[in-house]
Structures are given as structure tokens and as C-alpha cells.
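Working notes, beginning with the structure itself.
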Amino acid sequence: MKVLITGSKGQLGSDCMSLFSKDNNVVGVDIDEINITDYADVIEIVGNVAPDVIVNCAAYTNVDAAETERETAWQVNVQGPRNLARSANKFASLFIHVSTDYVFDGGKEVPDAYVEVDAPNPTSYYGVTKLEGERAVSETADRYIIVRPAWMYGIHGGNFFKTMLRLARRNPTKEIKVVNDQFGSPTWSYSLARQIKKLIEVKGLGIYHTTSEGYCTWYEAARYFLEKMGVEHSIVPCTTEEYPTPAARPKNSILKNARLQEDNINSMPYWKSDMDLYISRFKGRLMDELKIDK
Ligand SMILES: NC(=O)c1ccc[n+]([C@@H]2O[C@H](COP(=O)([O-])OP(=O)(O)OC[C@H]3O[C@@H](n4cnc5c(N)ncnc54)[C@H](OP(=O)(O)O)[C@@H]3O)[C@@H](O)[C@H]2O)c1
């Protein structure tokens, strides 16, 4: 199978590259080779590769900056997937797009989880662009899969857990406030890549929730991670109001992988066991990357 991966140097894109390369002919492109907001760029690259599958991991992912950089966020998260979906049709490629839990408003009572048929209602501009990106894909692509992960972490690039590690190592006694009233499921990008591969194999179509099983707060997740890493820390729980951010986040980001479960193809692990595996694989690398002096 010939696979084109956009955003190939990002967190999820890098893991898709290593996983899909094991048994496929894979071409990866990132911002240096393609600007997905430019249709001419997109059609040229898709034409050169003529892929069976396009996995779009490229996105504008800075949730807070999206509140002010609206035009860029819209172009990358809406126009980009539309361009890719249009090009996919020309080569009869399956188009895979990655959305987010932030399409929901989080108003459900915890632990009620969002399912695929629940009505989206984003509270941030990032969420608006991701929802409109989903709509652009579903309106344009002949054959598509949209996955909705949440709270993603991986070994490539930056993420919340790496930030926690850096702060704790820099000063183990300095108090770090972490939000303890937003709930979700930390999801390892490699496990998402595996789930995407499975969806292709079983010829899935449409929207799928693809988060780890189980849920926690950001505070609980950070604490679990740092303790498993064996790193001293002084993180303390706080409320969303005590840690204001430019973009509003859903209080309840718990998604149920309802369609994966119904089709018996849910390969997403429980979040703690997956984080254990991530740490056992990457502890040394994380410690080296996030040296105290950085
Ligand atoms: N991270 C999370 O917690 C999370 C949670 C839920 C859903 N998601 C979704 O999951 C997907 C993957 O996220 P991620 O964390 O892997 O993202 P990421 O690490 O930020 O990777 C995105 C990649 O896309 C590239 N890119 C940006 N604009 C581009 C453009 N115009 N043309 C081509 N490439 C462009 C980026 O390059 P630069 O780095 O140079 O900008 C980067 O390499 C995204 O759709 C995101 O919305 C993420």
C-alpha cells in the first residue's frame, strides 16, 4: 500500500511514519515540502505520489495562539484538509484526517462520555477550526476516516508531560499548579497510529473516537507521569479559574470509543498501562532531552 503522510515530523506524524513504514511504501511530507493551505502544492505532491491512503497529521495545534492567529488556524485546519480531500478524490485515495475532543463543549456531567453522534459545540477558536475541518472533509472526500483523539503525547516534539518534566527537574521544590477539574484521557500518539492502521485494514469509514480507555484530570495525569518517571516534584492541584488561559477548554473531555467498540476493533489501551509502556521505552531519552539546564 502506498501511504502519504502529511505533518510527518509532528508528534503523531512521526509515529505514523515509523509504524506505517514497517510494511508499506510511505512518503512523509511536512511544512518544508508542502503547504497544505496551497492547493497547487497539494495536488502536485499527491499527484507525484498517487497514494492509496493519505494520513493528514498536519495541523495548526497551538490552542491558545489560535484565539488571535485566527486566519492561519483556519487556513491550516479547514482549507488544508479540504485541499487534501479534493486531491485524494482525484486519485481515489482514502483520506484520513485527525480531529480532536475540543469539538465538544464539555458540558456533560463527568463521567458521562461523548460518543460520535453527540452534537459538537466547540468553546475555543481552535475547536471551531477543527470542527469546520471535519465538515470540509465530510463534504469533500469520497472516502474518509476522521479520528478524534484527546490529550495526546508522544516522543517527538513538545507536549504537556514533557513540560511537566522540564519544570519539575528544573526546580523540584517549586510549586507547579495543575488543573484538577478538567477530565480526559491521555493518549499516546503511537497507539493512535496503530488504531488508524487497524481502521484502514478493516475498511472503516466516517468518524471514530480514538482515545485511551479510562480518564483522569490533568493534575492526576501529571502526577502519575512524574511519579512513574521517578522525578521529584511539587505539583499541586488547582481549578480552571486559578489557571486562566486565552482559550477555554472543555471540563469534560471524556470520549467513548463507541464505534470502535461496536465494531470490535478498539485497540486503544487503558491510559495508565500505555503511559507505563511509553515511560519504559523512553525514560532515558526523555531525561536526556529535558536536561535540567534547558
Ligand atoms: N496534541 C494533542 O494533544 C492533540 C489532541 C487532540 C487532537 N490533536 C490533533 O492531532 C493531530 C496531530 O497533532 P500533533 O500533536 O501531532 O501535531 P504537531 O506535533 O503540532 O504536528 C503538526 C505538524 O504539521 C505541520 N504543519 C503546520 N502547518 C502546516 C502546513 N500549512 N502545511 C504542512 N504542514 C504543516 C507542523 O509543522 P510546524 O511544527 O513547523 O508548525 C507539524 O510538523 C492534529 O490534527 C491535532 O489537531 C492533537
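Taking segment 124-161 as the region of interest, how many residues are in contact with a Leu (Cβ under 9 Å, 6 or more places away or on another chain), in a helix (DSSP H, G or I), touching a residue at least 60 places away in the same chain (Cβ under 8 Å) and more than 19 Å from residue 183 (Cα to Cα)?
The number of residues fulfilling the criteria is 0.
Out of 232, 220, which single residue is touching a residue at least 12 places away in the same chain (Cβ under 8 Å) and part of a loop (DSSP other than H, G, I, E, B)? Walk me through how you get there before you give the answer.
On the way: 220 fails: part of a loop (DSSP other than H, G, I, E, B).
It is 232.
Hey, among 6, 61, which residue is surrounded by fewer than 24 Cβ atoms within 10 Å (Cβ to Cβ), within 13 Å of the ligand (Cβ to nearest atom) and farther than 14 Å from residue 197 by Cβ? Reasoning before the result, please.
Details: 6 fails: surrounded by fewer than 24 Cβ atoms within 10 Å (Cβ to Cβ).
Just a single option satisfies the conditions, and that option is 61.
Test residue 22 against the criterion of being within 12 Å of the ligand (Cβ to nearest atom) and in a loop (DSSP other than H, G, I, E, B), and give yes or no.
On the way: within 12 Å of the ligand (Cβ to nearest atom): no; in a loop (DSSP other than H, G, I, E, B): yes.
Spelling it out, it is not the case that residue 22 is within 12 Å of the ligand (Cβ to nearest atom) and in a loop (DSSP other than H, G, I, E, B).
For segment 71-123, how many residues are under 21 Å from residue 52 (Cβ atoms), surrounded by fewer than 24 Cβ atoms within 10 Å (Cβ to Cβ) and touching a Leu at 6+ places or on another chain (Cβ under 9 Å)?
Summing the residues that are under 21 Å from residue 52 (Cβ atoms), surrounded by fewer than 24 Cβ atoms within 10 Å (Cβ to Cβ) and touching a Leu at 6+ places or on another chain (Cβ under 9 Å) in segment 71-123 gives 1.
Tell me whether segment 185-198 contains one or more residues that are under 18 Å from the mean Cα position of the chain (by Cα), farther than 26 Å from residue 16 by Cβ and not in a strand (DSSP E or B). Break it down stepwise before answering.
First pass over segment 185-198, keeping only residues under 18 Å from the mean Cα position of the chain (by Cα): 185-198.
Subsequent filtering for residues that are farther than 26 Å from residue 16 by Cβ retains none.
No, every residue in segment 185-198 fails to be under 18 Å from the mean Cα position of the chain (by Cα), farther than 26 Å from residue 16 by Cβ and not in a strand (DSSP E or B).
Take residue 95 and decide whether it is of a type in the set (Phe, Trp, Tyr), at pLDDT 95 or above and either closer than 19 Å to residue 12 by Cβ or out of contact with any strand residue (DSSP E or B) (no Cβ under 6 Å at 6 or more places or on another chain) (or both).
Spelling it out, residue 95 is indeed of a type in the set (Phe, Trp, Tyr), at pLDDT 95 or above and either closer than 19 Å to residue 12 by Cβ or out of contact with any strand residue (DSSP E or B) (no Cβ under 6 Å at 6 or more places or on another chain) (or both).
The values are calculated or read from the model by the stated rules, or taken from the named source; none is laboratory data. Nothing here was measured: the structure is a model prediction, and the numbers come from that model. Reconstructed Cβ throughout: ideal geometry from the backbone, glycine too, with neighbour counts over all protein chains shown.
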